[in-house]
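Engineer: Let me begin by handing over the structure; questions about it come next.
The values are calculated or read from the model by the stated rules, or taken from the named source; none is laboratory data. Worth saying up front: this structure is predicted, and the values here are computed from it rather than measured. Heads up, the Cβs are rebuilt from the backbone with ideal geometry, glycines too, and the neighbour counts pull from every protein chain shown. Ligands, DNA and RNA are excluded from the accessible area calculation, which covers all protein heavy atoms including side chains. Shrake-Rupley method; radii C 1.70, N 1.55, O 1.52, S 1.80 Å.
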Amino acid sequence: QVQLVESGGGLVQAGGSLRLSCVVSGISASINAIGWYRQAPGKQRELVATIGSGRSTVYADSVKGRFTISRSNALNTVYLQMNSLKPEDTAVYYCNLRPARDNYWGQGTQVTVSS
(Lines give C-alpha, C1' and ligand atoms only; values in the text may rest on other atoms or scores of the structure.)
Protein backbone atom coordinates (compact mmCIF):
# COMPACT_ATOMS: atom_id res chain seq x y z
CA GLN A 1 0.00 0.00 0.00
CA VAL A 2 1.39 3.35 -1.04
CA GLN A 3 1.44 6.11 1.55
CA LEU A 4 2.92 9.58 1.61
CA VAL A 5 2.86 11.18 5.06
CA GLU A 6 3.61 14.86 5.53
CA SER A 7 4.93 16.54 8.67
CA GLY A 8 6.86 19.59 9.81
CA GLY A 9 4.31 22.34 9.45
CA GLY A 10 3.62 24.97 12.05
CA LEU A 11 3.18 28.63 12.84
CA VAL A 12 6.06 30.91 11.92
CA GLN A 13 6.59 34.64 11.54
CA ALA A 14 7.18 36.20 8.16
CA GLY A 15 10.81 35.79 7.19
CA GLY A 16 11.14 32.56 9.12
CA SER A 17 11.87 29.03 7.95
CA LEU A 18 10.35 25.58 8.13
CA ARG A 19 11.35 22.19 6.77
CA LEU A 20 8.62 19.82 5.69
CA SER A 21 9.09 16.07 5.41
CA CYS A 22 7.26 13.55 3.25
CA VAL A 23 7.85 9.94 4.27
CA VAL A 24 7.08 7.64 1.37
CA SER A 25 6.19 3.97 1.77
CA GLY A 26 5.11 1.31 -0.70
CA ILE A 27 7.09 2.79 -3.58
CA SER A 28 10.60 4.09 -4.04
CA ALA A 29 10.87 7.86 -3.94
CA SER A 30 14.16 7.63 -5.82
CA ILE A 31 12.60 6.40 -9.06
CA ASN A 32 9.45 8.49 -9.03
CA ALA A 33 8.96 12.19 -9.50
CA ILE A 34 7.60 13.59 -6.25
CA GLY A 35 5.92 16.94 -5.85
CA TRP A 36 5.02 19.25 -3.02
CA TYR A 37 1.62 20.87 -3.45
CA ARG A 38 -0.27 23.41 -1.36
CA GLN A 39 -3.83 24.57 -0.96
CA ALA A 40 -4.70 27.89 0.64
CA PRO A 41 -8.22 28.59 1.95
CA GLY A 42 -10.59 29.29 -0.91
CA LYS A 43 -8.01 28.48 -3.56
CA GLN A 44 -7.22 25.52 -5.77
CA ARG A 45 -4.38 23.19 -4.95
CA GLU A 46 -1.18 24.21 -6.70
CA LEU A 47 2.13 22.55 -7.42
CA VAL A 48 4.98 24.18 -5.53
CA ALA A 49 8.05 22.07 -6.30
CA THR A 50 9.01 18.81 -7.99
CA ILE A 51 12.03 16.54 -7.72
CA GLY A 52 12.66 14.01 -10.45
CA SER A 53 14.29 10.60 -10.25
CA GLY A 54 17.57 12.17 -11.36
CA ARG A 55 17.27 14.88 -8.70
CA SER A 56 16.26 17.52 -11.22
CA THR A 57 14.07 20.14 -9.58
CA VAL A 58 11.37 22.52 -10.75
CA TYR A 59 9.76 25.30 -8.74
CA ALA A 60 6.73 27.52 -9.04
CA ASP A 61 7.71 31.12 -9.72
CA SER A 62 6.17 32.19 -6.42
CA VAL A 63 8.67 30.13 -4.37
CA LYS A 64 11.73 30.13 -6.61
CA GLY A 65 14.82 31.17 -4.67
CA ARG A 66 13.11 30.63 -1.30
CA PHE A 67 12.13 26.94 -1.28
CA THR A 68 14.37 23.93 -1.88
CA ILE A 69 13.14 20.40 -2.53
CA SER A 70 15.44 17.48 -1.79
CA ARG A 71 15.33 13.74 -1.22
CA SER A 72 16.96 11.13 0.99
CA ASN A 73 17.02 7.83 -0.87
CA ALA A 74 18.12 6.01 2.28
CA LEU A 75 15.10 7.28 4.23
CA ASN A 76 12.71 7.28 1.25
CA THR A 77 11.80 10.79 2.27
CA VAL A 78 11.34 14.03 0.36
CA TYR A 79 11.90 17.38 2.03
CA LEU A 80 10.83 20.95 1.38
CA GLN A 81 13.04 23.58 2.96
CA MET A 82 11.12 26.84 3.09
CA ASN A 83 13.00 30.06 3.81
CA SER A 84 11.96 33.71 3.81
CA LEU A 85 8.37 32.67 4.38
CA LYS A 86 5.60 35.09 3.52
CA PRO A 87 1.99 35.29 4.74
CA GLU A 88 0.88 34.22 1.25
CA ASP A 89 2.69 30.90 1.80
CA THR A 90 0.02 30.01 4.37
CA ALA A 91 -1.62 26.79 3.22
CA VAL A 92 -1.94 23.08 3.80
CA TYR A 93 1.05 21.41 2.17
CA TYR A 94 0.82 17.96 0.59
CA CYS A 95 3.20 15.63 -1.19
CA ASN A 96 2.22 13.30 -4.00
CA LEU A 97 3.63 11.85 -7.16
CA ARG A 98 4.04 14.11 -10.15
CA PRO A 99 1.60 13.87 -11.81
CA ALA A 100 -0.50 13.40 -8.69
CA ARG A 101 -2.51 10.26 -8.05
CA ASP A 102 -5.96 10.80 -6.56
CA ASN A 103 -5.66 7.99 -4.04
CA TYR A 104 -2.25 9.07 -2.75
CA TRP A 105 -3.30 12.34 -1.11
CA GLY A 106 -2.61 12.39 2.62
CA GLN A 107 -3.75 14.71 5.39
CA GLY A 108 -1.17 17.34 4.62
CA THR A 109 0.59 19.60 7.07
CA GLN A 110 -0.56 23.11 7.92
CA VAL A 111 1.83 26.00 7.44
CA THR A 112 0.76 29.35 8.84
CA VAL A 113 2.89 32.45 8.33
CA SER A 114 2.01 35.47 10.44
CA SER A 115 2.80 39.00 9.35
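Engineer: Consider just the alpha-carbon atoms of the chain and return their Rg together with their Dmax, both in angstrom.
Structural biologist: Considering the chain through its Cα atoms, Rg and Dmax are 13.1, 40 Å.
Engineer: Right, here's the next one. Under a 5 Å amide H to amide H cut-off, with H placed in plane at 1.01 Å, what residues pair with residue 67 once short-range neighbours are removed?
Structural biologist: For residue 67, the qualifying residues are 83.
Engineer: Where in the range 29-45 does the amide nitrogen come within less than 17 Å of the point 7 Å from the Cα of residue 102, taken along Cα to Cβ?
Structural biologist: Those under the cut-off are 45.
Engineer: Also, I was wondering about something else. Please list, in order along the range 38-46, the HN-Hα scalar couplings obtained from phi with the Karplus expression 6.51 cos²θ - 1.76 cosθ + 1.60 (θ = phi - 60°), rounded to whole Hz, x for Gly and Pro.
Structural biologist: 8, 9, 8, x, x, 10, 6, 5, 10
Engineer: Using each residue's phi in the range 66-83, evaluate 6.51 cos²θ - 1.76 cosθ + 1.60 at θ = phi - 60° and report the 3J(HN,Hα) Karplus result to the nearest Hz, with x for Gly and Pro.
Structural biologist: Computed from phi, the couplings for the range 66-83 are 10, 10, 9, 9, 8, 9, 10, 5, 5, 9, 6, 10, 10, 10, 9, 8, 10, 10 Hz.
Engineer: Next question. Ignoring any ligand, DNA or RNA, what whole percent of the accessible area of the range 1-92 comes from carbon and sulfur when the probe is 1.4 angstrom?
Structural biologist: The computed percentage sits at 49.
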